[in-house]
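Take a look at the structure set out below.
The values are calculated or read from the model by the stated rules, or taken from the named source; none is laboratory data. Remember, predicted model here, so these are calculated numbers, not experimental data. Positions of Cβ are backbone-derived with ideal geometry, glycine not excepted, and every protein chain shown enters the neighbour counts.
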Amino acid sequence: MMMNKLTMNEVIKRYKPFNPDEKNLSEILSKIKNRFKDVISNSISSISKLSDGQNLNYLMQCDNSQKYLLKLISNKGYPCINSIAQCYDLLNSIGLSQYKIIDFDITNQYAPYGFLIQKWIDGKSADEYFQTSFEDMCYKPDKQDWIVDYAKILNEIHKIKLDYFGDLEQKVKFTSLRDYYLNLDQIVSTSFGEILLEQTTIWDLCNKGVVARNFVIDVFKEIKNLTTDLFINKKPVLIYGDMLPANIIYSKNKPVIIDWDETRSNWWVYELARTLYYIHSIPLAEKFLAYYDHSDTLKEIDLGIRIEHIKQDLRQIYFAVFSSRSHSEIQDKVNTIKSKIVNKLSKPILE
């Protein structure tokens with residue numbers, strides 16, 4: 001079946017993202033405000049909008065000056081509240097007690113995909129603390145001290161050892177990193193949580209004409225060739241998964257990581273791979289590696305980053321479908337993604 005015979009909604013069926021109008025939003029916030037007053041036995045004095053990430057975020061302030069972070073879930077099942085709760089339990093076990101879920105709802109009683117309220121952590125954002133722009137922090141080596149703070153914090157976080165590679169709910173789990181790498185088709189198809197109305201694999205997209213089957217087969221063959229026995233004994237740890245300047249604050253001059261929506265169990269290289277996918281900066285990687293305690297070779301780290309990037313590129317094929325208005329636009333985006341994958345299979349990133 002060719003893609004041009006399918007309607008756009010038939011290519012990938014997904015739940016519609018939550019995008020309320022002002023009236024709807026006001027009603028939702030009012031209902032949550034009334035519920036939360038009973039939870040904390042205090043009145044909410046104000047709810048103010050924060051900059052949005054993948055969800056709608058608000059600061060809730062009480063009459064007694066207590067503050068809370070409210071997330072209205074924009075996409076069904078993301079973030080996974082059960083995973084965040086498990087993550088916070090693990091963090092609390094090593095003395096990081098600032099992370100706490102105060103209230104949540106995963107039904108549609110208050111908002112279509114639920115909400116999450118967490119303890120607020122006061123502090124200055126990285127751009128305020130370092131008095132520089134997000135762009136400079138990403139690409140100017142002399143403005144990248146924030147990555148050093150991440151390295152130091154993650155040295156402690158990664159002492160939390162786990163016994164599988166996958167999500168914290170263990171819906172997808174592998175006993176070795178090599179098995180994880182050799183099953184990227186499964187990893188990709190399950191990485192969208194609950195936003196898909198029906199599970200759609202990369203092979204389904206091949207059948208629907210989005211991407212050529214032979215290309216995907218060749219990609220996985222190359223990954224198998226790259227994935228040696230060296231990856232059998234790598235150890236999984238608690239992963240933060242969103243190491244960017246916007247997700248670290250400075251509370252009383254002490255760096256604190258916020259926003260654990262991407263938490264999972266994986267090899268520590270996952271942290272650096274995800275960051276470099278969005279911030280292509282070799283000096284940034286070098287600075288992180290200089291302050292992160294590891295015994296892996298640069299070749300191993302580079303291979304791990306490249307394979308994780310290919311995984312993300314395969315996920316981007318789904319987003320090409322989500323964000324396009326025509327089949328020709330999808331094909332243009334997919335062709336660009338394919339070129340990126342071919343480049344990553346053939347060329348090291350760090351060496």
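Is it the case that residue 292 is touching a strand residue (DSSP E or B) at 6+ places or on another chain (Cβ under 9 Å), assigned by TED's automatic domain parsing to the domain that holds residue 193 and either of a type in the set (Phe, Trp, Tyr) or farther than 21 Å from residue 190 by Cα (or both)? Here the answer is no, as residue 292 does not meet what is asked.
Among the residues making up the stretch 138-178, a single one is more than 22 Å from residue 189 (Cα to Cα), of a type in the set (Ser, Thr, Tyr) and within 19 Å of the chain's Cα centre (by Cα): 150. Scanning the stretch 323-344 for residues that are crowded, with 17+ Cβ neighbours inside 10 Å and within 21 Å of residue 227 (Cα to Cα) yields a count of 3. Would you confirm whether or not the stretch 178-201 contains a residue that is free of Cβ contacts under 8 Å to residues at least 60 places away in the same chain, surrounded by 15 or more Cβ atoms within 10 Å (Cβ to Cβ), under 19 Å from residue 305 (Cβ atoms) and basic (Lys, Arg)? Checked against the condition, which is being free of Cβ contacts under 8 Å to residues at least 60 places away in the same chain, surrounded by 15 or more Cβ atoms within 10 Å (Cβ to Cβ), under 19 Å from residue 305 (Cβ atoms) and basic (Lys, Arg), the stretch 178-201 yields at least one hit. Evaluating residue 97 against the criteria (1) within 20 Å of residue 257 (Cα to Cα); (2) touching a residue at least 40 places away in the same chain (Cβ under 8 Å) leaves one unmet condition, (2). When residues in the stretch 208-238 are screened for being surrounded by 12 or more Cβ atoms within 10 Å (Cβ to Cβ), over 19 Å from residue 344 (Cβ atoms) and in contact (Cβ under 8 Å) with a residue 40 or more places away in the chain, 9 of them pass.
Here is a yes/no grid of residues against (1) at pLDDT 90 or above; (2) in contact with a helix residue (DSSP H, G or I) (Cβ under 8 Å, 6 or more places away or on another chain); (3) more than 28 Å from residue 325 (Cα to Cα); (4) part of a loop (DSSP other than H, G, I, E, B):
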residue	(1), (2), (3), (4)
1	no, yes, no, yes
18	yes, no, no, yes
29	yes, no, yes, no
32	yes, no, yes, no
42	no, no, yes, yes
47	yes, yes, yes, no
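Number of residues in the stretch 144-177 that are part of a helix (DSSP H, G or I) and either buried (at least 20 other Cβ atoms within 10 Å of the Cβ) or of a type outside the set (Lys, Arg) (or both): the value is 13. When residue 315 is tested against the conditions (1) within 19 Å of the chain's Cα centre (by Cα); (2) surrounded by 21 or more Cβ atoms within 10 Å (Cβ to Cβ), the lone failure is (2).
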